[in-house]
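Chemist: Pasting a structure here, questions to come.
The values are calculated or read from the model by the stated rules, or taken from the named source; none is laboratory data. In this text, all values refer to a predicted model and were calculated from it rather than measured experimentally. Quick reminder, even Gly has a Cβ in these numbers, built from the backbone with ideal geometry, and neighbours come from all protein chains shown. Each accessible area value is taken on the protein alone, full model and side chains, heavy atoms only, with ligands, DNA and RNA left out. Shrake-Rupley method; radii C 1.70, N 1.55, O 1.52, S 1.80 Å.
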Amino acid sequence: LRLSYAELDAGLQLQLPLYLKAAAQYFGEPAGMFYLHVCDPVEDGSGESPEDGDGVPKEYRLRGLLLGDEAVVRAMDGISTKRSPFVPVQFTASGVSGSALLPPGRMDYLLRRAHEVAQRSAQRIWEGEAAPLPSRIGTSTACDYCDYAPICRFEPRRGGVFREIAKMDEAEFFKEET
């Protein structure tokens with residue numbers, strides 16, 4: 001699982017940012033937020049876990065965002081000299097780089113925005129909005145993974161309309177940042 005700005009903005013990926021926002025109230029500014037797939041790495045029969053040659057199974061790599069502060073990154077991985085096997089960054093002669101690094105202020109904006117999306121969702125529920133309106137991103141729909149189709153009664157072939165979620169990149173997500 002990776003953080004999707006479009007899914008966060010649509011209210012589909014709020015759990016991690018909201019937990020982090022709550023924790024930040026007690027523990028201070030967060031350094032990052034990550035997903036870690038909880039699993040047993042699949043072995044290929046050789047007795048070794050699949051890895052990229054750095055000794056860390058791919059399944060144990062953190063996916064997410066972290067502050068673009070070299071001191072923060074070094075605190076998370078103080079041993080790597082090139083690509084980190086733990087956090088999604090690269091170490092270079094001039095510091096750290098990677099698409100997972102957030103400039104100052106962006107983590108706080110992301111957490112505030114997640115909170116605003118959650119508040120709007122709660123308000124709609126409070127106002128009685130409860131009709132089934134599953135999301136669709138490209139060809140993937142929420143119904144693909146839902147165990148409640150028999151009671152939901154959403155039927156796209158009978159006029160059911162999906163809530164279309166457009167892709168959103170980082171620049172678009174942060175364009176309203178103030």
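Chemist: Are any residues in the stretch 6-23 closer than 17 Å to Met168 by Cα and either in contact with an Asp or Glu (Cβ under 6 Å, 6 or more places away or on another chain) or of a type in the set (A, V, I, L, M, F, W, C) (or both), and if so, which ones?
Modeler: Across the stretch 6-23, the qualifying residues are Ala6, Leu8, Ala10, Leu12, Gln13, Leu14.
Chemist: Tell me, yes or no, whether the stretch 85-101 has at least one residue that is part of a strand (DSSP E or B) and either among the hydroxyl-bearing types (Ser, Thr, Tyr) or touching a Phe, Trp or Tyr at 6+ places or on another chain (Cβ under 9 Å) (or both).
Modeler: yes
Residues are listed down the side, and each one gets a yes or a no for (1) at negative phi; (2) at pLDDT 90 or above; (3) open to solvent by less than 40 Å² (accessible area, probe 1.4 Å):
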{"site": "Ala71", "(1), (2), (3)": "yes, yes, no"}
{"site": "Thr81", "(1), (2), (3)": "yes, no, no"}
{"site": "Pro85", "(1), (2), (3)": "yes, no, yes"}
{"site": "Tyr109", "(1), (2), (3)": "yes, yes, yes"}
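Chemist: While we're looking at this one, here's another question. Pull up the stretch 92-107, narrow it to residues that are modelled with pLDDT under 90 and more than 19 Å from the chain's Cα centre (by Cα), then point me to the one that is surrounded by the fewest Cβ atoms within 10 Å (Cβ to Cβ).
Modeler: Among those residues, the one meeting the criterion is Ala93.
Chemist: Among Glu176, Glu164, Glu170, which is the only one that is open to solvent by 50 Å² or more (accessible area, probe 1.4 Å), charged (D, E, K, R) and without any contact (Cβ under 8 Å) to a residue 24 or more places away in the chain?
Modeler: Going through Glu176, Glu164, Glu170 in turn, the sole match is Glu176.
Chemist: Restrict the check to the stretch 139-147 and report whether at least one residue is at pLDDT 90 or above, assigned to a loop (DSSP other than H, G, I, E, B) and within 21 Å of the chain's Cα centre (by Cα).
Modeler: Yes - at least one qualifying residue is present in the stretch 139-147.
Chemist: Checking Glu59 against (1) more than 20 Å from the chain's Cα centre (by Cα); (2) modelled with pLDDT under 90; (3) in a helix (DSSP H, G or I), only one condition comes out false. Which one?
Modeler: (1)
Chemist: Just the residues that are open to solvent by less than 70 Å² (accessible area, probe 1.4 Å) and at pLDDT 70 or above, please, taken from the stretch 33-55.
Modeler: Selection gives Met33, Phe34, Tyr35.
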